Amino acid sequence: MEIYRRLYERFGPQGWWPADGPFEVIVGAILTQNTAWRNVERAIGNLKEEGLLDPWASLEVDGGELASLIRPAGYYNVKSKRLKAFIRYFCEKYQGNLEKMFQRPLPQLREELLGVDGIGSETADSILLYAGGRPVFVVDAYTRRALSRHHIIEEGATYQEVQELFMENLPHDVELFKEYHALFVRLGKTHCRPKPLCEGCPLKDEDVLS
């Protein structure tokens, strides 16, 4: 909570995840793999223009056309297949009903999502937290980098180990988890870059974090 307090006091609320509804969040979570968010926004804009931010409409569209529309997000052929895989799962198992899907017990739903082609832990947890409002902490590269540099985790810590650090030491509050994750992203973009800019970093005084 000390890390959260420092980040929040410095950066303020981040308003993440920006989207018009939970299905758009899910699409964004799949498209944002290995690309910048600005590229995802362009791809989502293309889908909106074609009326394809609807599971049933996107289920029917040809894979090649879908790939063309999401081209700005990069790896568009791969991501088209991943998006299609999720949409098929969602429509076949839950009839395209988000409320029905998110009523599923959390452990079972997470396992289902991880079983969809192309959905890994970070994407699954982003869907659960930001689209479903389920209390799961999302671990990304920014979080790992910051914690590793402050010797809070080992360099080779697994996704599960890092996630458990937060899940076991924080109240399971959805809004806290959302804000904390977004604040790590902000930290990673402003200070904790691959080549760090430590001057002015809110976590610079390491002795308080030890």
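Condition test on I127, is it of a type in the set (V, I, T), within 12 Å of the chain's Cα centre (by Cα) and over 27 Å from G12 (Cβ atoms)? No: the conditions fail for I127. Here H151 meets each of (1) open to solvent by less than 70 Å² (accessible area, probe 1.4 Å); (2) more than 28 Å from V27 (Cα to Cα); (3) not hydroxyl-bearing (S, T, Y) with one exception, condition (1).
Kindly list, by first and then second residue, each pair from a residue in segment 1-19 that is over 17 Å from T190 (Cα atoms) to a residue that is hydroxyl-bearing (S, T, Y) and part of a helix (DSSP H, G or I), limited to pairs with Cβ atoms under 8 Å and residues at least 6 apart or on different chains. Filtered contacts from segment 1-19: W17/S126; W17/Y130; A19/Y130. Taken over segment 7-31, the criterion of being surrounded by 15 or more Cβ atoms within 10 Å (Cβ to Cβ), at pLDDT 95 or above and either on the phi > 0 side of the Ramachandran plot or part of a loop (DSSP other than H, G, I, E, B) (or both) is satisfied by Q14 alone. A count restricted to segment 154-175 and to residues that are crowded, with 17+ Cβ neighbours inside 10 Å and in contact with a Pro (Cβ under 9 Å, 6 or more places away or on another chain) stands at 0. Which of the helices (runs of 4 or more DSSP H) contained wholly in segment 130-210 include at least 3 residues that are under 26 Å from F102 (Cα atoms)? Ranges flagged: 159-167, 174-190.
When the helices (runs of 4 or more DSSP H) confined to segment 75-129 are screened for residues that are within 25 Å of A141 (Cβ to Cβ) and open to solvent by 60 Å² or more (accessible area, probe 1.4 Å), those reaching at least 3 such residues are found at 76-94.
Looking at segment 32-50, is at least one residue open to solvent by 40 Å² or more (accessible area, probe 1.4 Å), outside any helix (DSSP H, G or I) and over 21 Å from G120 (Cα atoms)? Yes, segment 32-50 has at least one match.
The values are calculated or read from the model by the stated rules, or taken from the named source; none is laboratory data. Keep in mind that what you see is a predicted model, and the values were worked out from it rather than measured. Heads up, the Cβs are rebuilt from the backbone with ideal geometry, glycines too, and the neighbour counts pull from every protein chain shown. Quick note on the areas: whole protein, heavy atoms, side chains included, nothing else; ligands and nucleic acids left out. Shrake-Rupley method; radii C 1.70, N 1.55, O 1.52, S 1.80 Å.
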